[in-house]
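For reference, the structure discussed in these notes is given below.
The values are calculated or read from the model by the stated rules, or taken from the named source; none is laboratory data. None of the values given here were measured: they were computed from a predicted structure. Here the Cβ positions follow ideal geometry from the backbone for every residue, glycine too, while neighbour counts run over all protein chains shown.
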Amino acid sequence: MSVNNAMTADFLRSAYGGESMAHMRYLIWGDVADKENMPNIGRLFRAIAYAEYAHADNHFRELKDKEGDFTVTAGAVFGASKTENNLQGAIDGELHEIEQMYPVYLETARFQEEKGAEKAFHYALEAEKIHAKLFKDAQDMAKQGKDMELGTVYVCPVCGHTVVGEAPEKCPVCGAKKEMYKDFPA
């Protein structure tokens, strides 16, 4: 089934653009953290970058029958600063998605009865809530000039659900099995 409504399609493209940029931004910021001797924060950035890739992939796949050239408007934080500031950019971006973007996109998809888009937006929204908290925990340590304590990070490749320590038997967001989770070991 394809996306039938132009507004939902526009929201999927915008979300795809934003998630794609977050993916790349977090990889870059992970390198910055590594250079500042904060390898666990660097690993957290890379793990969450993988989750953002999963979100972008879901949005892109929902647009499978919408071929062509499109201008995509997506908000993004630009620049690479010290890790503490990069984490603030990450927190701000995640909170924008949690409080502004995904609730509107999700309700629009529901209203327009776009089930696939609704699922993709729901997956991203639930994961972003976890990401904001993890980035805040990392920033609290970075403000002290320290790396964070961080066990193995597990990311669900289906929905981007992210957990530290041990992967759940079943993803609480999408139901994927534990074996599917990608690990970012300590």
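Checking Leu134 against (1) surrounded by 21 or more Cβ atoms within 10 Å (Cβ to Cβ); (2) within 22 Å of Asn58 (Cα to Cα); (3) within 16 Å of the chain's Cα centre (by Cα); (4) not basic (Lys, Arg): exactly one of these is not met. Which one? Checking Leu134 against (1) surrounded by 21 or more Cβ atoms within 10 Å (Cβ to Cβ); (2) within 22 Å of Asn58 (Cα to Cα); (3) within 16 Å of the chain's Cα centre (by Cα); (4) not basic (Lys, Arg), the one that fails is (2). Residue pairs whose Cβ atoms lie under 6 Å apart, sitting 6 or more positions apart in sequence or on different chains, and linking a residue in segment 66-95 that is under 20 Å from Ala33 (Cα atoms) to a partner that is at pLDDT 75 or above and aromatic (Phe, Trp, Tyr), are Asn86/Trp29; Leu87/Phe135; Ala90/Phe135; Ile91/Phe135.
If only one of Tyr102, Tyr50 is surrounded by 19 or more Cβ atoms within 10 Å (Cβ to Cβ) and closer than 25 Å to Ala186 by Cβ, which one is it?
Values: Tyr102 fails: closer than 25 Å to Ala186 by Cβ.
Just one listed residue meets the conditions, Tyr50.
Any residue at all in segment 87-96 that is more than 14 Å from Gly18 (Cβ to Cβ) and of a type in the set (Asp, Glu)? The answer is no; no qualifying residue exists.
Residues being in contact with a Phe, Trp or Tyr (Cβ under 9 Å, 6 or more places away or on another chain) and of a type in the set (Asp, Glu) are entirely absent from segment 36-50.
Scan segment 152-166 for residues that are surrounded by 13 or more Cβ atoms within 10 Å (Cβ to Cβ), out of contact with any His (no Cβ under 9 Å at 6 or more places or on another chain) and either farther than 18 Å from Glu94 by Cβ or without any contact (Cβ under 8 Å) to a residue 12 or more places away in the chain (or both) and jot them down.
Initially, segment 152-166 is screened for residues surrounded by 13 or more Cβ atoms within 10 Å (Cβ to Cβ), giving 152-164.
Of the ones still in play, those that are also out of contact with any His (no Cβ under 9 Å at 6 or more places or on another chain) are 152-153, 156-158, 161, 163-164.
Of everything in segment 152-166, those that are surrounded by 13 or more Cβ atoms within 10 Å (Cβ to Cβ), out of contact with any His (no Cβ under 9 Å at 6 or more places or on another chain) and either farther than 18 Å from Glu94 by Cβ or without any contact (Cβ under 8 Å) to a residue 12 or more places away in the chain (or both) turn out to be Thr152, Pro157, Val158.
Of these, Ala109, Ala142, Ala127, Ala120, which one is under 17 Å from Ala49 (Cβ atoms), at pLDDT 95 or above, surrounded by 17 or more Cβ atoms within 10 Å (Cβ to Cβ) and not charged (D, E, K, R)? Exactly one residue qualifies, and that residue is Ala127. Taking each residue of segment 40-52 that is within 14 Å of Asp183 (Cβ to Cβ) and touching a residue at least 24 places away in the same chain (Cβ under 8 Å) and looking for partners that are crowded, with 20+ Cβ neighbours inside 10 Å and of a type in the set (S, T, N, Q) with beta-carbon atoms closer than 6 Å, six or more apart or interchain, yields Ala51/Thr162.
Please enumerate the residues belonging to segment 172-186 that are in contact with a strand residue (DSSP E or B) (Cβ under 6 Å, 6 or more places away or on another chain) and touching a residue at least 40 places away in the same chain (Cβ under 8 Å). Quick ask: steps written out before the conclusion?
If we filter segment 172-186 for residues that are in contact with a strand residue (DSSP E or B) (Cβ under 6 Å, 6 or more places away or on another chain), which is where we start, we get 181-184.
Listed by number, the residues that qualify are Lys182, Phe184.
The listed residues are Gly75, Gly79, and the only one of them that is touching a helix residue (DSSP H, G or I) at 6+ places or on another chain (Cβ under 9 Å), on the phi > 0 side of the Ramachandran plot and not in a helix (DSSP H, G or I) turns out to be Gly79.
All conditions in (1) modelled with pLDDT of 95 or more; (2) among the polar types (S, T, N, Q); (3) out of contact with any Phe, Trp or Tyr (no Cβ under 7 Å at 6 or more places or on another chain); (4) crowded, with 17+ Cβ neighbours inside 10 Å hold for Asn58, with the sole exception of (3).
If you go through segment 134-162 and pick out every residue that is farther than 21 Å from His122 by Cα, of a type outside the set (A, V, I, L, M) and in a loop (DSSP other than H, G, I, E, B), you end up with 8.
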